[in-house]
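The values are calculated or read from the model by the stated rules, or taken from the named source; none is laboratory data. Quick caveat: nothing in here was measured; it's all calculated off a predicted structure. Using ideal geometry, Cβ is built from the backbone for each residue, glycine included, and neighbour counts are taken over all protein chains shown.
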C-alpha cells in the first residue's frame with residue numbers, strides 16, 4: 001500500500017513542478033521531504049527566498065486524501081501577506097484540493113461562507129483562525145498536519161495565546177513542521193514539539209558573493225536630502241528603503257512626495273486592502289521605491305530587489321540579514337546601501353568594512369513606465385487573467401508588450417499598463433463590458449496622494 005501511495009505522489013510531484021516551472025527540487029526541499037517520511041516533527045531553518053514554502057507544502061500534499069470533507073492541514077503565518085503568498089503558491093501548484101486563506105482585514109462573513117465547506121488546506125494568521133474557532137465557524141478536529149511558518153515571527157508579534165487555542169483545537173495532529181529564517185533557541189512547550197528533526201540551511205555562497213554592501217555618507221543627521229540624491233544616482237530598479245519606525249516611514253514619504261518621486265509606503269498601520277494594493281503596484285512596476293518598516297523584511301511576495309537602503313540601521317544583526325535577504329536572490333545581483341551620518345558607527349554585526357558609494361549631482365528620476373488599471377470584477381465574478389488580456393487587446397487595442405503583470409483578487413483586479421497608453425485606453429473601454437459584464441474601470445488611485453498627478457492620472461481613480 002505505501003508503495004502505491006509513493007508512486008501516486010511521484011506523479012503528483014512531476015505535475016506540480018511542471019505547473020511551477022521548476023526543473024528539480026533543491027537540497028533543502030529534498031531533505032524536508034525525506035524527514036517528513038518519519039514520524040518525528042521537523043524544525044526547518046532556511047533564509048528567505050530559498051523555497052521554504054514549497055518545502056513544507058510537498059509533505060502536506062503527500063498526505064492529503066481526496067474525498068475527505070474535513071480540514072486536513074493547517075498552515076499558520078504571522079502576517080497577512082505571507083498567508084496570501086502561501087495561498088498563491090498552493091493555487092499555482094494546481095492540485096485537486098480546496099484551499100482557503102483567512103486573515104485579519106478580510107471580511108469575516110466571506111471567510112465564514114468559504115469555510116462552510118471545509119478546505120483540505122487552511123492557511124491563516126493565528127489571530128483570525130482563533131477567532132473563527134471561537135465563533136465555531138470551523139472544526140479542526142480531524143486535521144493531522146500543522147505548519148507554523150516563520151514561527152519566531154509569530155511569537156515576536158504576540159500570537160502565542162492564539163496559537164495555544166488553535167493547537168488545543170487540533171487533537172489529531174500527527175506531524176508538526178516549524179520554519180524560521182533564523183535559529184530558534186527555545187521552542188515553547190505549547191507547540192508540543194519533542195525530539196524534532198532539525199534541518200538548517202544557509203544561503204548559497206554564490207548568492208552571498210553577489211551582494212555588495214556600501215556606505216552613503218550623509219552630511220546631515222536628517223538624511224532626507226541624502227536619500228533623495230541617492231535615488232537620483234541609481235537606476236530605476238526596485239528599491240526598498242527600511243526605517244525603524246512607522247512615523248519615519250511617513251515622514252520620508254512626505255519628503256519624497258514633495259520632490260515628486262514616485263514611491264509608496266508599507267507598514268502595519270495600513271488597512272489590509274491598502275497593503276494588498278501597495279504590493280500589487282510594487283510588483284507590477286507602477287512605482288519602484290517602497291519605504292517600509294521591517295514588516296517587508298520577510299514573508300512578502302515581491303520581486304527580487306536590486307537596492308536595499310537602510311535609512312536607519314537595524315538594531316539587531318538578524319534584522320539586518322532579513323532586510324538584505326530581499327536582494328541578491330536566485331541569480332540576481334543586489335546592493336545594500338547604508339545611509340550614515342559621521343556621528344554614527346558601523347554596528348558590530350558587520351564583519352567587513354563596506355566601501356563608499358559616492359553621490360554625484362544627477363537629475364530627478366523619471367516616472368515609472370507602468371501604471372495600474374483597476375477593474376471592478378474578480379475571481380468571484382468568473383473573471384481571470386486571460387479574460388482581461390483579451391478585453392484589453394480587443395476593446396482597448398493594446399499590444400502584448402503594453403500589458404504588464406495582472407493580479408486578479410476576489411472582487412477586483414489590478415493590471416499594469418504602459419503609462420503612455422493609459423489615457424487612450426480609458427477612452428476606448430469606458431463603455432465596454434468585460435466577459436459580458438459591466439464593470440467600473442479606472443486608474444488605481446495614487447496611494448501617496450501628495451504626489452502631483454501626471455496628466456494621465458486624472459480620469460476615474462479607484
Give just the number: which of (1) touching a residue at least 24 places away in the same chain (Cβ under 8 Å); (2) in contact with a helix residue (DSSP H, G or I) (Cβ under 6 Å, 6 or more places away or on another chain) does residue 403 not satisfy?
(1)
Out of (1) farther than 16 Å from residue 166 by Cα; (2) in contact with a strand residue (DSSP E or B) (Cβ under 6 Å, 6 or more places away or on another chain), the one residue 143 does not meet is (1)
Would it be correct to say that residue 104 is in contact with a helix residue (DSSP H, G or I) (Cβ under 6 Å, 6 or more places away or on another chain) and closer than 21 Å to residue 266 by Cα?
yes
Name the residues in the range 313-363 that are out of contact with any strand residue (DSSP E or B) (no Cβ under 9 Å at 6 or more places or on another chain), surrounded by fewer than 14 Cβ atoms within 10 Å (Cβ to Cβ) and either modelled with pLDDT of 90 or more or not in a loop (DSSP other than H, G, I, E, B) (or both), would you?
360, 361, 362, 363
Could you go through the range 227-241 and let me know if any residue there is part of a strand (DSSP E or B), more than 25 Å from the chain's Cα centre (by Cα), surrounded by 14 or more Cβ atoms within 10 Å (Cβ to Cβ) and modelled with pLDDT of 90 or more.
no
Residue count, the range 247-277 (criterion: in contact with a strand residue (DSSP E or B) (Cβ under 9 Å, 6 or more places away or on another chain), at pLDDT 90 or above and not in a loop (DSSP other than H, G, I, E, B)):
9
Could you tell me whether the range 174-181 includes any residue that is more than 27 Å from residue 22 (Cβ to Cβ) and surrounded by 15 or more Cβ atoms within 10 Å (Cβ to Cβ)?
no
Of the residues in the range 22-39, those that are surrounded by 14 or more Cβ atoms within 10 Å (Cβ to Cβ) and in a loop (DSSP other than H, G, I, E, B) come to 25, 26, 36
Regarding residue 78, is this residue under 28 Å from residue 118 (Cβ atoms), part of a loop (DSSP other than H, G, I, E, B) and within 22 Å of the chain's Cα centre (by Cα)?
yes
Consider residue 402 carefully, then state whether it is within 20 Å of residue 280 (Cα to Cα) and modelled with pLDDT of 95 or more.
yes
Scan (1) over 30 Å from residue 46 (Cα atoms); (2) in a strand (DSSP E or B) for the single condition residue 100 breaks and write down its number.
(1)
Search result, residues across the range 232-255 that are closer than 16 Å to residue 278 by Cβ and free of Cβ contacts under 8 Å to residues at least 60 places away in the same chain
246, 249, 250, 252
Among 173, 138, 185, which is farther than 30 Å from residue 333 by Cα, assigned by TED's automatic domain parsing to the domain that holds residue 29, at pLDDT below 90 and assigned to a loop (DSSP other than H, G, I, E, B)?
185
